[in-house]
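Visitor: Starting off with a structure, shown below.
The values are calculated or read from the model by the stated rules, or taken from the named source; none is laboratory data. None of these values were measured; they are calculated from a predicted model. Neighbour counts are summed over all protein chains in view; Cβ atoms, including those assigned to glycine, are modelled from backbone coordinates with ideal geometry. What goes into the accessible areas is simple: the full protein's heavy atoms, side chains included, and nothing from ligands, DNA or RNA. Shrake-Rupley method; radii C 1.70, N 1.55, O 1.52, S 1.80 Å.
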Amino acid sequence: MVLELQKPRPIWAIMFSTHHTDIGLLYLIMSITFFFLGGALALGIRAELFLPGSQVISDSMTFNRMFTVHGTTLIFLFLLPFASAVGNYFVPIMIRYKDMAYPKLNAVAFWMIPPAGALIWLGFADFTWYATPPYSSIRAPGPAADMWIFGLKILGVSSVLGAINFIVTILKCKHPDLPLSKVPLLAWSFLTSSLIVLVAIPSFAAALVMLLTDRLGVTGFFDPARGGDPIAYQHLFWFTFHPEVYVLVIPAIGMMYEIIPRFSRKPIFSHSSGVFAFVLLSAVSFSSWAHHMYATGMSFTEKTVFMVGTLAAAPASAMHVFNFLATMWGGRLKFTTPMMWSVGGIALFFSAGAGGVANSAMPFDFITHDSYWVVGHFHLFVMGTIAFGSIAYFYYMFPYVTGRMYNEAMGKVHFIMSFVGTVMVFFTQHVLGLYGMPRRVFDYIPLPEYVVMNQIASVGAMIIGASMALWLFNMIYSASKGKEANMDDPWGLGGKYYWPHQAKNPHH
Amino acid sequence: MVVSGHSNWPEWIYVGVVIALLAYVGAEAWNVERIVEHAPAEAEVIKVIGQQWFWTFERADGTKEVGELHVKKGHPYKFEITAKDVNHAFNIHDYVILQDAIVGRTNAAWFAPDKAGEYTIQCREYCGLLHYNMRATLYVEE
Ligand code: HEM
Ligand SMILES: [Cu+2]
Ligand SMILES: [Cu+2]
């Protein structure tokens, strides 16, 4: 077992290590640090929107920079690296290999992220997380914009290196006795999401370079005055980032696949259906990118094609929900912290999906597009589903990493507050969108409906913020002073702990 | 799909129901969109130009309005929407008009206002410093 904190090592022994659990630990610490940084920006945004007019932020530019860096941070510096943390820790163990396939490459992929994060934070760009030209190419202030572009470029390369490593590790290094069909669903989730990364990232990588040269004035790829086309950027961008949302969600679903059966004390309802849904999802994730672009003036035929492509992605997500519910059905459920976070995440996943289906219907999208509805929609995924699954897994791996137990009561309070807060913020934002409030605004018209709903959302955000402070305390306190965990069965489930529970970590 | 050991028919029924629902949503959306897309031939054309951070409206006869737009109730209008500097999005939420205003392109949308009154026109695509305040007023007159 990996008792990181019980056998203290000097910090550089971890930093310069290439061992998969050390890299996993580095990813874990870094991603959670960025979670708190990005979350602090969200609280600033919500405080500003509590009332119309200027509240805590003096000018709109600062506000614009805050939501840009907030989104960029939480997607690229929290969700993705958190998944890598879990993958690095557990994929080699699950496929029974001593390490990742390319340990040095693994360390390189990790160490690319902190400088990229520094570029993004020190630059503090304002052009939103999708950096659309011509604004991003001719108006967005440098050097912030350029630093963001370089930061994202580095993150893209790091993602691709990580993906290659996962694919090779799973396909080539798994134990010969372990057929691919029996590989646990968590490892399958890394295999499929890594395949998506390899296919999806290149188009945005190209777009970034073109954006940079446009900014330098040497090209006009996206500048109509020079024969370019700003819409081309949007296609390149969404060809990467619609599939990328599945890169985020698939590992989180994989994490829930570890937790749900264990805390239902029942095997997974259907392993093969989970695998099938992962593979299906990664294929259809490429059929829907332009559902973000209905309002750019696409033809009726184009819109129809992308609507059908979008709807086609829903059955695979629905299959996962079914698999979870069928696993829990008739099980002896034990609602300790990891289970609560997982079940809450599944409930929010379902509501988010229903909203997604609604706004892929093209006439409806002309009501919701670029309104607060969209903000509510994708946050039910990124926060409600992906962050919830990640936090569930964090609690789940806590004894494994530290050898100690977190405080269960605090974990439960953390969940309840976050769940209530998430519903208050993001369900309300759907309604705000229906009332026509645009997203990415520093101020809004003082309609009573707008004010009330913004206040509900802001209070919800503060509740989430408070619960996360409690989490931080629980993590730090329990890692050093918590009760020692019963490593065979930390939650008293009456079974064995990790899959495969006998795994000894060769490094320690 | 090979199923490990037990019957999987509830899942197939469930997937079937989901697909039926999706097909219904898709068909309905296709049908509505098909009907609302085409502007009537007699619609009066209004050229809409977005730039940082205001809206200009131009009619065929050369008259121009900035920051406000006066139209007649019951009369159809077709907007031809474009932008001068960066992308914007032309939005009259109360009449479900939403089209991006893109440099170098013209996008169309149409409506026939059925209630007199004042409505908000706003920008719904991030366009920089004063994006939040890029509004105009629509006056629908009897
Ligand atoms: C599986 C996890 C999902 C994630 C992580 C996710 C994430 C996102 C994100 C980040 C955006 C907005 C991007 C932006 O404008 O900043 C978005 C928009 C959208 N999503 Fe999802 N989504 C997911 C699933 C779905 C599903 C299942 C559907 C439909 C069946 C769907 C339909 C849409 C549509 C139509 C939009 C465009 C809304 C608009 O801008 O008008 N999404 N999603
Ligand atoms: Cu999408
Ligand atoms: Cu604008």
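Visitor: Restricting to segment B:74-94, what's the tally of residues that are under 27 Å from A:ALA131 (Cβ atoms) and facing another protein chain (nearest Cβ under 8 Å)?
Guide: Within segment B:74-94, residues that are under 27 Å from A:ALA131 (Cβ atoms) and facing another protein chain (nearest Cβ under 8 Å) number 6.
Visitor: Got a sec? Which of B:TRP30, B:TRP110, B:TRP53 is buried (at least 17 other Cβ atoms within 10 Å of the Cβ), assigned by TED's automatic domain parsing to the domain that holds B:ARG135 and more than 16 Å from ligand 3 (Cβ to nearest atom)? Reasoning before the result, please.
Guide: Working: B:TRP30 fails: assigned by TED's automatic domain parsing to the domain that holds B:ARG135; B:TRP53 fails: more than 16 Å from ligand 3 (Cβ to nearest atom).
Being buried (at least 17 other Cβ atoms within 10 Å of the Cβ), assigned by TED's automatic domain parsing to the domain that holds B:ARG135 and more than 16 Å from ligand 3 (Cβ to nearest atom) holds for just one of B:TRP30, B:TRP110, B:TRP53, which is B:TRP110.
Visitor: Which members of segment A:353-374 meet the condition of being within 13 Å of A:PRO438 (Cβ to Cβ), in contact with a Phe, Trp or Tyr (Cβ under 9 Å, 6 or more places away or on another chain) and more than 13 Å from ligand 2 (Cβ to nearest atom)?
Guide: Across segment A:353-374, the qualifying residues are A:ILE367, A:ASP370, A:SER371, A:TYR372.
Visitor: Here's a follow-up. If we only count helices (runs of 4 or more DSSP H) wholly inside segment A:328-411, which ones have 1 or more residues that are more than 24 Å from A:ARG46 (Cβ to Cβ) and at pLDDT 95 or above?
Guide: It comes to A:337-360, A:388-402.
Visitor: Take B:GLY128 and tell me if it is assigned to a loop (DSSP other than H, G, I, E, B) and open to solvent by less than 20 Å² (accessible area, probe 1.4 Å).
Guide: Yes: the conditions hold for B:GLY128.
Visitor: Report yes if some residue within segment A:343-366 is away from ligand 1 (no atom under 15 Å from the Cβ) and either open to solvent by less than 20 Å² (accessible area, probe 1.4 Å) or more than 14 Å from chain B (Cβ to nearest Cβ) (or both); otherwise report no. If you could, list the steps in order and put the result at the bottom.
Guide: Here is the first cut: in segment A:343-366, the residues away from ligand 1 (no atom under 15 Å from the Cβ) are A:343-344.
Now narrow it down to the ones that are either open to solvent by less than 20 Å² (accessible area, probe 1.4 Å) or more than 14 Å from chain B (Cβ to nearest Cβ) (or both): A:343-344.
Scanning segment A:343-366, I find at least one residue that is away from ligand 1 (no atom under 15 Å from the Cβ) and either open to solvent by less than 20 Å² (accessible area, probe 1.4 Å) or more than 14 Å from chain B (Cβ to nearest Cβ) (or both), so the answer is yes.
Visitor: Across segment B:99-119, what is the total count of residues that are in a strand (DSSP E or B), more than 7 Å from chain A (Cβ to nearest Cβ) and at negative phi?
Guide: Number of matching residues: 7.
Visitor: Is it the case that some residue within segment B:87-95 is in contact (Cβ under 8 Å) with a residue 12 or more places away in the chain, open to solvent by less than 60 Å² (accessible area, probe 1.4 Å) and either within 16 Å of ligand 2 (Cβ to nearest atom) or in a helix (DSSP H, G or I) (or both)?
Guide: Yes, segment B:87-95 has at least one match.
Visitor: Any residue at all in segment A:286-293 that is aromatic (Phe, Trp, Tyr), over 21 Å from B:TYR24 (Cα atoms) and within 14 Å of ligand 2 (Cβ to nearest atom)?
Guide: Filtering segment A:286-293 for residues aromatic (Phe, Trp, Tyr) gives A:286, A:289.
Keeping just the survivors that are over 21 Å from B:TYR24 (Cα atoms) gives A:286, A:289.
With the extra rule that they be within 14 Å of ligand 2 (Cβ to nearest atom), the set shrinks to A:286, A:289.
Within segment A:286-293, one or more residues are aromatic (Phe, Trp, Tyr), over 21 Å from B:TYR24 (Cα atoms) and within 14 Å of ligand 2 (Cβ to nearest atom).
Visitor: Being touching a Ser or Thr at 6+ places or on another chain (Cβ under 6 Å) and either more than 8 Å from chain A (Cβ to nearest Cβ) or open to solvent by less than 40 Å² (accessible area, probe 1.4 Å) (or both) narrows it down to one of B:VAL71, B:VAL17, B:VAL66, B:VAL45, so name that one.
Guide: Just one listed residue meets the conditions, B:VAL66.
Visitor: Right, something else. Return the residue satisfying two criteria in turn: it lies in segment A:306-341 and is open to solvent by less than 10 Å² (accessible area, probe 1.4 Å) and more than 16 Å from ligand 1 (Cβ to nearest atom), and of such residues it is nearest to the other protein chains (Cβ to nearest Cβ).
Guide: A:THR327
Visitor: Continuing with the same structure: Yes or no: A:LEU122 aliphatic (A, V, I, L, M) and open to solvent by less than 10 Å² (accessible area, probe 1.4 Å)?
Guide: Considered against the rule, which asks whether it is aliphatic (A, V, I, L, M) and open to solvent by less than 10 Å² (accessible area, probe 1.4 Å), A:LEU122 comes out as no.
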